[in-house]
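The values are calculated or read from the model by the stated rules, or taken from the named source; none is laboratory data. Worth saying up front: this structure is predicted, and the values here are computed from it rather than measured. Counting neighbours? That spans all protein chains shown, and the Cβs are built from the backbone with ideal geometry, glycine included.
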């Protein structure tokens, strides 16, 4: 079956630090990969996506590259801000069977000024 | 684009009672999904509809859970004889069936507390 593993949190960084949140996956077929973000008190928002190998998704300074050989989709940002504090979820969609997204457990990111 | 809306946002109920949640998807989206999210976990897929057809329901957690989308627009999720373990956030999402069909847009969720 499908599964997503992402690094445990909370991750605490200082403002302007470099961010990496690791995500690896197991899937049948050839999945599409996503990062969702959940700000305090708000719903899940799609942050970025990649639908095929070597694609790079990017949005709001965040990037992630679909690495089929390592089954990974790590989230990176060069300089984080306090406003980036949120919970980040890695997810995949394989399009077969149940047809829902499979999510990781989420990584809580805390940025200190 | 008014986004996905859910009602109510919070529901407190006593064990054994039935509850029903409503989801209104983005108007031009044909696919509608339900998920459950418990504390410290990612959302867990429950069921989905394409228009009014429920194409997957094997992931519903028990036969106490049911969902409908009678006219292909809004959807309802019902939990009968609620248990304390049903306490969670229930999320609805929608997506188009062509173009960016893999992009699911989520509502704010309904937080259920069973006492």
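Could you please let me know if residue A:27 is without any contact (Cβ under 8 Å) to a residue 24 or more places away in the chain and closer than 17 Å to residue A:101 by Cβ?
Spelling it out, it is not the case that residue A:27 is without any contact (Cβ under 8 Å) to a residue 24 or more places away in the chain and closer than 17 Å to residue A:101 by Cβ.
Name the strands (runs of 3 or more DSSP E) wholly within the stretch B:50-108 that hold at least 3 residues that are within 13 Å of chain A (Cβ to nearest Cβ), in contact (Cβ under 8 Å) with a residue 40 or more places away in the chain and touching a strand residue (DSSP E or B) at 6+ places or on another chain (Cβ under 9 Å)?
Filter on the stretch B:50-108 gives B:88-95.
Residue A:16 is checked against (1) in contact (Cβ under 8 Å) with a residue 60 or more places away in the chain; (2) surrounded by fewer than 21 Cβ atoms within 10 Å (Cβ to Cβ); (3) out of contact with any helix residue (DSSP H, G or I) (no Cβ under 6 Å at 6 or more places or on another chain); (4) under 30 Å from residue B:110 (Cα atoms) and fails just one. What number does that condition carry?
(4)
Working carefully through the options A:28, A:70, A:20, find the one that is on the phi < 0 side of the Ramachandran plot and part of a strand (DSSP E or B).
A:20
Mind telling me which of the residues A:96, A:78, A:106 ends up being modelled with pLDDT under 95 and either under 18 Å from residue A:12 (Cα atoms) or out of contact with any strand residue (DSSP E or B) (no Cβ under 9 Å at 6 or more places or on another chain) (or both)?
A:96
Would you be able to say whether some residue in the stretch B:19-26 is surrounded by fewer than 17 Cβ atoms within 10 Å (Cβ to Cβ), more than 10 Å from chain A (Cβ to nearest Cβ) and farther than 30 Å from residue A:7 by Cα?
Yes: one or more hits.
Of all residues being within 13 Å of chain B (Cβ to nearest Cβ) and touching a strand residue (DSSP E or B) at 6+ places or on another chain (Cβ under 6 Å) in the stretch A:47-65, which is modelled with the lowest pLDDT? Just the residue, please.
My answer is A:51.
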